[in-house]
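Heads up, the thing below is written out as structure tokens.
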Amino acid sequence: QVQLVESGGGLLQPGGPLRLSCSAPGRTFYPTGWLGQAAGQEREFVAAIGWWSGSSTYYADSGQGRFTISRDNDKNTLYLQMNNLKSEDTAVYYCSADRRLEFVRAGRGDYWGQGTQVTVSS
């Protein structure tokens, strides 16, 4: 069983930076990623990374060039650096993990955190 705990959400002004963290208390080297769910909408892929820090990274078009996903396996933590935030980035962001990277990207991962709210508003 993989436990995931997100943190770092909050209320931000447009244009600001924010870093989300996802910690896994137990050791896990599964591919992991972030998915966001805006109010009234389906959960959507944001970014994903393979099982080690040098793995390939993948981004949704909406975050390309603004978001950076990374991981530190020594700290069992996944990060999402979000820059130049826009109002449309407002969502609950979930961390997800699975043995299969494609499942993470598809929102079908076996393991999920509880989510952290990001609100971008002036």
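A few remarks follow.
- Residues that are β-branched (Val, Ile, Thr) and either modelled with pLDDT under 95 or farther than 19 Å from Glu102 by Cβ (or both) within segment 29-88 comprise Thr32, Thr68, Thr77, listed in sequence order.
- When Ser122 is tested against (1) open to solvent by 20 Å² or more (accessible area, probe 1.4 Å); (2) modelled with pLDDT of 95 or more, exactly one condition is not met: (2).
- Any hit, segment 49-58, residues being in contact with a Lys or Arg (Cβ under 7 Å, 6 or more places away or on another chain) and not aromatic (Phe, Trp, Tyr): yes
- Test: residue in segment 64-82 that is more than 11 Å from the chain's Cα centre (by Cα) and among the hydrophobic types (A, V, I, L, M, F, W, C): no
- Failed item in (1) part of a loop (DSSP other than H, G, I, E, B); (2) open to solvent by 50 Å² or more (accessible area, probe 1.4 Å); (3) touching a Gly at 6+ places or on another chain (Cβ under 9 Å), with Gln117 passing the rest: (1)
- Hits in segment 75-100 - residues which are farther than 25 Å from Gly54 by Cβ and not charged (D, E, K, R): Asn84, Leu85, Ser87, Thr90, Ala91, Val92
- Within segment 101-115, residues that are within 14 Å of Trp51 (Cα to Cα) reach partners that are in a helix (DSSP H, G or I) and open to solvent by 40 Å² or more (accessible area, probe 1.4 Å) with beta carbons closer than 9 Å, at six or more positions or on different chains, in the pairs Gly109/Phe103.
- For segment 1-22, taking the residues that are touching an Asp or Glu at 6+ places or on another chain (Cβ under 8 Å) and not β-branched (Val, Ile, Thr), the one that is nearest to Arg66 (Cα to Cα) is identified as Leu20.
- Criterion violated by Glu88 - all others in (1) in contact with a Lys or Arg (Cβ under 9 Å, 6 or more places away or on another chain); (2) farther than 15 Å from Cys22 by Cβ satisfied: (1)
- Scanning segment 1-21 for residues that are under 12 Å from Tyr111 (Cα atoms) and among the hydrophobic types (A, V, I, L, M, F, W, C) yields a count of 3.
The values are calculated or read from the model by the stated rules, or taken from the named source; none is laboratory data. All values derive from a computational prediction rather than experimental measurement. With ideal geometry, Cβ positions are generated from the backbone for all residues, glycine too; neighbour counts draw on all protein chains shown. Remember, those area values only see protein heavy atoms, side chains included, never the ligands or the DNA or RNA. Shrake-Rupley method; radii C 1.70, N 1.55, O 1.52, S 1.80 Å.
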